[in-house]
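First up is the structure itself, then whatever we jot down about it.
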Amino acid sequence: METMIRKVTIIYYSDLSLELMHEAACFPQNDNGRVVISAEFKKGKSIIAVCDGEVNILNKVGDRVDNVNYEDEA
């Protein structure tokens, strides 16, 4: 049986920082469709969420949103 690979974005905290981090990567998935994240990747991290595909995070807790008026650009 062929191993299915799935691209996900993992949102996590590093054990060394309180900054919310994220990283897109490919991992195998089991027969139930759950992604199997390697122990090597998990090392030093507290995983908050696993999202399907590559997610473009615009703003995280602690980030400031730029004061840009997008209507003026249209």
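The values are calculated or read from the model by the stated rules, or taken from the named source; none is laboratory data. Quantities reported herein were computed from a predicted structural model and do not represent experimental measurements. So basically every Cβ, Gly included, is an ideal-geometry build from the backbone, and we count neighbours across all protein chains shown.
Structure data summary
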read-out	value
Condition broken by Asp72, with the remaining ones in (1) charged (D, E, K, R); (2) at pLDDT 90 or above; (3) over 16 Å from the mean Cα position of the chain (by Cα) satisfied	(2)
Wholly within segment 1-64, strands (runs of 3 or more DSSP E) carrying at least 2 residues that are β-branched (Val, Ile, Thr)	4-14, 45-52
Subset tally (residues that are over 11 Å from the mean Cα position of the chain (by Cα) and surrounded by 12 or more Cβ atoms within 10 Å (Cβ to Cβ)) for segment 5-33	5
